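Worksheet for the structure shown next.
The values are calculated or read from the model by the stated rules, or taken from the named source; none is laboratory data. Please read these numbers as outputs of a predicted model, since none were measured by experiment. Cβ: placed from backbone, ideal geometry, glycine included. Neighbour counts: every protein chain shown.
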Amino acid sequence: MAAEERFDLADATRVQEFFQRHAPDAVIHTAARTSAADCERDPPSARRDNVETTERLASLCLPRHLPFVLISTDMVFDGRQAPYQEDAPAAPVGVHGPTKVQAETAALASPRGLVARVALLIGRSPRGNRSPDEALAAAGRVSARR
């Protein structure tokens, strides 16, 4: 396991150097711009963070034949046909959803690519404002234990 390093995944040189220095056996890509509101306010950053970084990582995995796992979101769906099956066609809305669909496409372009669509249903988010229970707590409808 590599030592922890923090850097901007939009920095192509740093990402390439990381791959060369550590020669990973697999990549699990969890980084993303996850707030739909942030994506709406800044579509270029949403594309950079959700699509371009995924394309970069996937492209580095492909020639090395590395497994590439992308953690995606249920926001690739509009919510009208829930519950969704694994092979349901995406129906994204806004800015966030389409960027995640594009990221999924990049991940699945690799023969060893995998996408896991997950939803933040309960629990704490990094900023304390993402999960439904945090929204209810903010509205004063439930107490949030920290």
Self-check item: Scan of the range 29-62 for residues that are loosely packed, with under 13 Cβ neighbours inside 10 Å and within 17 Å of the chain's Cα centre (by Cα), ordered by number
Solution: 30, 37, 40, 44
Quiz item: Applying the selection to the range 1-42, what residues are farther than 17 Å from residue 69 by Cβ and outside any helix (DSSP H, G or I)?
Solution: 3, 4, 5, 6, 7, 8, 10, 11, 23, 33, 35, 42
Quiz item: For residue 24, all conditions in the list (1) of a type outside the set (D, E, K, R); (2) closer than 22 Å to residue 118 by Cα; (3) out of contact with any Ser or Thr (no Cβ under 8 Å at 6 or more places or on another chain) hold save one; what is the number of the exception?
Solution: (2)
Exercise. Would you check if residue 99 is surrounded by 13 or more Cβ atoms within 10 Å (Cβ to Cβ), closer than 13 Å to residue 32 by Cβ and either modelled with pLDDT of 75 or more or within 19 Å of the chain's Cα centre (by Cα) (or both)?
Key: yes
Practice problem: Output the number of the condition that residue 86 fails; it satisfies all remaining conditions of (1) in contact with a helix residue (DSSP H, G or I) (Cβ under 6 Å, 6 or more places away or on another chain); (2) modelled with pLDDT under 95. | Solution: (1)
Quiz item: Can you tell me which residues in the range 65-83 are within 19 Å of residue 107 (Cβ to Cβ) and either loosely packed, with under 13 Cβ neighbours inside 10 Å or in contact with a helix residue (DSSP H, G or I) (Cβ under 7 Å, 6 or more places away or on another chain) (or both)?
Solution: 65, 68, 70, 72, 73, 75, 76
Quiz item: Which pairs do you get when a residue that is over 10 Å from residue 72 (Cα atoms), found in the range 24-39, comes within reach of a residue that is part of a helix (DSSP H, G or I) and not acidic (Asp, Glu), reach meaning Cβ atoms under 6 angstrom, with the pair 6+ apart or on two chains?
Solution: 27/57; 27/61; 33/39; 33/46; 33/50; 36/96; 39/46; 39/96
Quiz item: How about the range 63-83: which of its residues are within 12 Å of the chain's Cα centre (by Cα) and either modelled with pLDDT of 95 or more or not polar (S, T, N, Q) (or both)?
Solution: 69, 70, 71, 74, 75, 76
Practice problem: Check 22, 29, 65 and return the single one that is of a type outside the set (Lys, Arg) and at positive phi. | Solution: 65
